[in-house]
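Working notes, beginning with the structure itself.
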Amino acid sequence: MVANRFINSEFSTIFIQMLKSINSPTLKTWICSIIGQLVRFATVINDDIADSELIDTLVEVLKDESHKVW
């Protein structure tokens, strides 16, 4: 229930903006991990979140070979 509220709130938009603007590979990896956990445990994801750049941004960050993903 908590994951539903966080992933369907403005936090997901803030996390996307942070991923695009931050240069630190460690921080990017940590934010990706948080978003991944929220998506994993959310039982309901609104259409506007599903249609947003969330998944594309995650994939783009994970493709970057300059840092290690846990």
Q. If you roll a 1.4 Å probe over the chain with all protein chains in place, what percent of the accessible area is carbon or sulfur?
A. 57 percent
Q) Using helices alone, what [θ] at 222 nm do you get for the chain, with -39,500 (n - 2.57) per DSSP H run of 4 or more residues, divided over all residues and rounded to the nearest 500? A) -20500 deg cm²/dmol
Q: Please state the charge dipole magnitude for the chain, taken about the Cα centre, from unit charges on C-beta atoms (+1 on K and R, -1 on D and E), reported in debye and rounded to the nearest 20.
A: 360 debye
Q. Taking only protein heavy atoms and a 1.4 Å probe, what accessible area per residue, in Å², does the chain have with all protein chains in place?
A. 72 Å²
(Q) Given contacts defined as C-alpha pairs under 8 Å and at least six residues apart, what's the relative contact order of region 1-53, whole-number percent? (A) 58 percent
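The values are calculated or read from the model by the stated rules, or taken from the named source; none is laboratory data. In this text, all values refer to a predicted model and were calculated from it rather than measured experimentally. Cβ: placed from backbone, ideal geometry, glycine included. Neighbour counts: every protein chain shown. Accessible surface areas use protein heavy atoms only, side chains included; no ligands, DNA or RNA. Shrake-Rupley method; radii C 1.70, N 1.55, O 1.52, S 1.80 Å.
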